[in-house]
Every structure is written in structure tokens, then in C-alpha cells.
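The values are calculated or read from the model by the stated rules, or taken from the named source; none is laboratory data. These numbers were taken from a predicted model, which means no experiment stands behind them. So basically every Cβ, Gly included, is an ideal-geometry build from the backbone, and we count neighbours across all protein chains shown. Heavy atoms of the whole protein, side chains included, go into the accessibility calculation; ligands, DNA and RNA do not. Shrake-Rupley method; radii C 1.70, N 1.55, O 1.52, S 1.80 Å.
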Amino acid sequence: MLPDPMASAPEISPATSGDDLLAALLAPLPSDLPAVEQRAVLPTGFAADATTCGIKASGRPDLAVIRVTGAPASAAAVFTTNQVAAAPVQASRTNLAITRPEGRGGGNEHYGRAQAIVATSGSANAATGLAGLTDQAAVTQAVAIHFGVDPLGVLSLSTGVIGTRLPVEKIAVGIVNLATAGLPATDAGLLAAAEALRTTDTATKVATLSVPLPGPHGSPVPVTVSGIAKGVGMIHPRMATMLAVVLTDAAVSPETLHGFLRDATLRTWNQLSVDGDTSTNDTVFLLASGVSGAAPVLPGSPEAEVLRDAVTAVARSLARQQAADGEGATTLVTCQVSGARDDVDARAVARAVISSSLVKAAVHGRDPNWGRIAGAAGNARLGEVRLLEMAGLAHADASTRAGAPAFVDPDRMRIAIAGHLVYDGPAGGPVAFDRAAARAAMDAPAVLVRLDLGLGAGTGEAFGCDLTEQYVIENAEYTT
């Protein structure tokens, strides 16, 4: 289990001062999310499994199928904003749009119904033109035929080398083998699917929790939310990062489900960066089977808030696991920001810090170089209009602020690294600190960087990793 900085901690407000502010700054931000376990638990209403079909030269598992065992599930998705969108992204966008409830959504609102997810690993099927779309359609058709589902209800994931085509005949054989054996409705089946997603990942990424929701007669019913993910490189926040699937047995409409995923992405996957490159294949799916026995979750209800927080907690755990397993990484870096003018500014500053190559290199060298953190914070800029609208800003406000610098005042800013106060703007800036002790504290699997901007009540966090020699080695030889 990854060390989690979001333990119970004192809160910082604009009125906080003196010893109380110092104690709050040295501690992590308090959490408003439920606890998550890092294990695979398959919610009811789904079956899953994986196999080896020969996409990967290594012979490791490379094909996974997750099937809805009953009526089509509510489905929502966020996709890459990279203009070189892979064939599975294009196919899934189309299918969700066709299965969307009549008269709902549009634009970047990706939700609808789904009956199955097929995931291939070893070939991204990106930048493959019409041939790649044809290959993806053939894989979708094979799933539809052999699992008895509507091809429009099949969503697709692919990961691997860009520019390579899928070996459709091998994949079709693998699909037949999975269908013949029958997908198990077991935790082991979900874990197998998670393992098949991996490429250069060194660890399988899973997360789960259970929350009580009212049943039809008011008595509580346990509802499961579980997720799997892959992704250790070509990761930078632009709506989603790498591949993830989150499943729940709650009963909730596609549109409401998309709101949950949008909020979760804003706080988690959109705050994740490993190397500053946004993938061609980034996709996150959220499916709800609706068979837990709990009453339908209505938008704006207390139950909606509980389920939304559960989805966000699972997403946060998966995003942190992705950051910790960044290619060549030895250290998970979490930057938490308080005291910003608003949450939008706080998230921008946190993203800038964990995305900085200089900060990442300093963490790898166990160098408590607060100047690099201050410089990164001063370079922070807000995201594009669609991201700010996701954060709740009105279109006019989002249009005005998009791309603008986050407001930072060095005379008000305070910085702590691994529990050591290293910069105190109100007290004059640099402070004397025990550099050897700070270096020792940074020599850990996870390092927390805390900033308080001293300007308001906005908070945010972001996740990244250190930059190592091994990252260069892995990516210098990725296709060879």
C-alpha cells in the first residue's frame, strides 16, 4: 500500500497564523474521501478475464475482456485530447454517442450504454489510419459475435507502440478462447484483466471500496466501486491519463455517472504527470451495472455525493499508483497546495510543481532545493477552457482565465519539503533548516511537497514521480 499524505490534519485558512499555520503546513491536507484498499474486487453484474494471444513478444497476457452480465450498463468516459487519437478512442467515442440516451449530452460529454470492454496491450493502434479503424472494428465484431452482445455496446482500449497495427487474427483466436472458457464473475478475473493491461508497468494497479447506499425500502445495501489501471509513461494531465476502468454495481443514469467521472478526473487523473507527454490512447471508462440492490442514485441527492466520493477515491488511488510506478521512478511525489485564491489556481500550481523536470530531478537526488519548487509555482498557468469549465467556472470566466498565470505572491508563499519548512515568504523568504535531516526525510518511497500561498481558501494536489536515469534508458530503447 502506498503511503498516503492525505491523513487527518489541521486545516489552513486565511486567518491561520503562527505556530498553528506552521503545524498545518508541515502536515498533509485533510482528506474528505473514504479509505481505499489496493486489491481487485469485481462488483456484481460483471465478469472478466484475460489471456495471451501473441500481441506482446514477451508472451505475457495481452488481451482482456470485461462483460456486463445483465442489461447494458450505464457508461461514461473521458478521453485523450491529443489530436492523434487512436482507433480505439475513436471507436469508443462513436459507440457511446450512438448509445447515449436520446436528447442528452453532446460535445465532450461522453456517456451512453455498454455491454463489454475489450482491451489489447502491446500495440496502441494509433496513427494507423483507415486500416487501424478497420482492425478495431474487426475486434469489436469478434467480441460481439462470441459474447453475444451488440457491437455498438463494445468499448475499446489499446496500449503499446504507436504506429503498429493490431494482429486481428491472433486477437480473434484469443477472444474465441475467452468466450469458450467463459468469463468468470470473480475477483481473480478482474485481477487478470488488470495484469493484461500492463506494458512497462512494474506493478498491477487495482483499487476498491464499498459504501452503503439505501435499498428500495431504506435499509442500507453495500455498493462496490473498483478500478484497474495501467500507465507509467507518456503521462500528462489533459482530461485523462493512460488507461483505467472503474466499475460499480450502483444503479445510476449515464448522465449522472458522467458527472461523477468528470469530477473525479478533475481531482485525480488530470493532476497526474510522469513525463509531460499526453498519450494518443488515454481513456478512462466508468460503468455501472445497477444490480447491487440499492435504490437508483438520483442527481443532487446525498447518495449521489457518497457515490461520487467513492469513485473519486478509487480514481485517486489508481492515479497515485500510476505516478509511483512511473517509468524508472523510485519516488512518488505529491504536491499539496493550500491558501490559493481558489481551487483552480491551487491545482494549477500543484500540477506545475510535479511536472517540473528540475523538481523531479531534485527529488531523485534527495536535494531539498526549494528554489526549483518556487520557480515551478511561479510558472504555473491555468488550463484550457474545457478544463476550467469542468472545474465549475462559467464559460465567460473560463475563457478569460484560460492559459493565464496562477496568482502567486512570493512574499506570502510558504514551502515545506518532507515535513521541513524551507521557505517562509512572510518572514523574509529563505529560512535556516537542517539540510541533512531534510535529505534523509526525502529518502523515502513517497515525498510530500507542501505549499501555502497565503491568498485565500483554495486547495489542490497533484501526483508525479522523480526523474531518473532509468527513464531515459527505457524510452531510448522503447521500440527496439
Checking rank on 285-293, 316-324, 443-451, with mean other Cβ inside 10 Å and highest first, the result is 316-324, 285-293, 443-451
Straight-line reach check, residue 56, cutoff 20 Å on alpha carbons, 8 or more apart in-chain or any other chain, hits among lysines -> 170, 205, 230
For the residue 358, residue 444 Cβ pair and Förster radius 30 Å, calculated FRET efficiency rounded to 0.05 is 0.90
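If you take every DSSP beta bridge whose two residues both sit in the chain, what share of them, in percent to the nearest 5, is antiparallel?
Values: 57 of 80 bridges.
Close to 70 percent.
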In whole percents, the bins of 5 Å from zero upward hold the Cα-Cα pairs of the stretch 41-130 as 3, 12, 19, 19, 20, 17, 8, 3, 1, 0
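Can you tell me the mean projection area, over all orientations, of the convex hull of the stretch 166-207's alpha carbons? Units nm², please.
Working: hull surface 15.3 nm².
So the Cα hull casts an average projection of 3.8 nm².
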Largest first and rounded to whole Å, the semi-axes √(5λ) derived from the alpha carbon gyration tensor of the stretch 85-205 read 22, 19, 16
Relative contact order as a percentage, the stretch 75-213, C-alpha pairs under 8 Å and 6+ apart, gives 26 percent
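For the stretch 24-85, take the alpha-carbon Rg, divide it by the Kirkwood Rh, and send me Rg/Rh. Could you put the intermediate results ahead of the total?
Working: Rg = 18.8 Å, Rh = 16.7 Å.
With Rh from the inverse mean 1/r over Cα pairs, Rg/Rh is 1.12.
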With all protein chains present, the chain has a carbon and sulfur share of its accessible area (1.4 Å probe) in percent of 53 percent
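At 222 nm, what value in deg cm²/dmol follows for the chain if DSSP H runs of at least 4 each add -39500 (n - 2.57) and the sum is divided by all its residues, to the nearest 500?
Working: 14 runs with 162 residues, N = 480.
That calculation yields -10500 deg cm²/dmol at 222 nm.
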Going residue by residue through the stretch 441-448, the Karplus relation 6.51 cos²θ - 1.76 cosθ + 1.60 with θ = phi - 60° gives ³J(HN,Hα) values, rounded to whole Hz and with x marking Gly or Pro, of 5, 6, 7, 8, x, 9, 10, 9
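In nm², what is the average projected area of the convex hull enclosing the Cα atoms of the stretch 287-407?
That works out to 10.1 nm², a quarter of the Cα hull's surface.
Please list 452, 309 from largest to smallest accessible area, probe radius 1.4 Å, with all protein chains kept in place. Show your work: numbers first, answer last.
On the way: 452 5, 309 30 Å².
The ordering from most to least exposed comes out as 309, 452.
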Tilt, helix 254-267 to longest principal axis of the chain (alpha-carbon atoms), in degrees rounded to tens, equals 30 degrees
Dividing the surface of the Cα convex hull of the stretch 329-480 by four yields a projected area in nm² of 9.8 nm²
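Two decimals, Cα atoms only, Kirkwood Rh: what is Rg/Rh over the stretch 146-252?
Numbers: Rg = 17.0 Å, Rh = 16.7 Å.
We get a ratio of 1.02 for the stretch 146-252.
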Expressed per residue, the solvent accessible area of the stretch 266-415 in Å² (1.4 Å probe) is about 32 Å²
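For residue 203 and residue 433 in one chain, what is 0.36 nm times their gap in residues minus the Cα-Cα distance, to one decimal in nm? All intermediate terms of the calculation are to be shown ahead of the outcome.
Working: separation 230, 0.36 × 230 = 82.80 nm, distance 3.62 nm.
Gain on extension, residue 203 to residue 433, equals 79.2 nm.
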For the pair residue 134 and residue 146, the simple spin-label estimate (label points 7 Å beyond Cα toward Cβ) gives in nm 2.1 nm
For the chain, averaging the sequence separation of alpha carbon pairs under 8 Å that lie six or more residues apart and dividing by its residue count, the contact order in percent is 18 percent
The long-range amide H neighbours of residue 465, using H built 1.01 Å from N in the peptide plane and a cut-off of under 5 Å, are 333
Residues whose built amide H sits under 5 Å from the amide H of residue 381, excluding neighbours closer than 5 in sequence, are 406
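Could you sort 191-198, 80-87, 434-441, 114-121 so that the peptide with the highest average Cβ count within 10 Å comes first and the rest follow in order?
On the way: 191-198: 24.1, 80-87: 19.0, 434-441: 13.8, 114-121: 27.2.
Answer by packing, highest mean first, reads 114-121, 191-198, 80-87, 434-441.
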Restricting to Cα pairs under 8 Å and 6 or more apart, the percent relative contact order of the stretch 370-413 works out to 43 percent
Taking 423, 111 and ranking on accessible area (1.4 Å, protein atoms only), highest first, one gets 423, 111
Stokes-Einstein D for the stretch 175-235 (20 °C, 1.002 mPa s, Kirkwood Rh from Cα pairs), in µm²/s, comes to 151 µm²/s
